[in-house]
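Engineer: Please read through the structure below; I'll follow up with questions.
The values are calculated or read from the model by the stated rules, or taken from the named source; none is laboratory data. All of these numbers come straight from a predicted model, not from anything done at the bench. Here the Cβ positions follow ideal geometry from the backbone for every residue, glycine too, while neighbour counts run over all protein chains shown.
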């Protein structure tokens, strides 16, 4: 008996199927990564956000706590990840702009892809779709 031609089945969370919903929502107040985006890179506690201004792309890679540019990322598996650090939000918003809408919460959704060789998720600004929703909470009643 030979095992030639067989492929190993991995139980690691970084195995990504084609039907996952890897998405980044850029809003005026935060970045929101879908649960599938976090799961694709293994739900790391810390990550580094990389920008490519030439290709207008954003990448997210897992990082160690001691990395100088690491930010707090996934707190629990299966949950969305919200990043509201002003310097990160400003830098990403330059590549993936959010078009303001009067009286509504504006955002841009970008579908991402997983790069197995780099263990990274990639988001291209050209794939962004602008949208808006009704404001919720105090902001809705302040106007």
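Engineer: Between 27, 80, which is in contact with a helix residue (DSSP H, G or I) (Cβ under 8 Å, 6 or more places away or on another chain) and at pLDDT 85 or above?
Structural biologist: 80
Engineer: Please state which of the following conditions residue 121 fails to meet, knowing it meets all the rest: (1) surrounded by fewer than 18 Cβ atoms within 10 Å (Cβ to Cβ); (2) touching a helix residue (DSSP H, G or I) at 6+ places or on another chain (Cβ under 6 Å); (3) touching a residue at least 60 places away in the same chain (Cβ under 8 Å).
Structural biologist: (1)
Engineer: Can you tell me how many residues in segment 31-52 are crowded, with 17+ Cβ neighbours inside 10 Å and touching a helix residue (DSSP H, G or I) at 6+ places or on another chain (Cβ under 7 Å)?
Structural biologist: Summing the residues that are crowded, with 17+ Cβ neighbours inside 10 Å and touching a helix residue (DSSP H, G or I) at 6+ places or on another chain (Cβ under 7 Å) in segment 31-52 gives 2.
Engineer: If I ask for residues that are free of Cβ contacts under 8 Å to residues at least 40 places away in the same chain, out of contact with any helix residue (DSSP H, G or I) (no Cβ under 7 Å at 6 or more places or on another chain) and closer than 23 Å to residue 21 by Cβ, which ones from segment 53-72 would you list?
Structural biologist: 72
Engineer: Separate question: Which of the residues spanning segment 89-110 are at negative phi and surrounded by fewer than 17 Cβ atoms within 10 Å (Cβ to Cβ)?
Structural biologist: 90, 91, 93, 94, 97, 99, 100, 101, 102, 104
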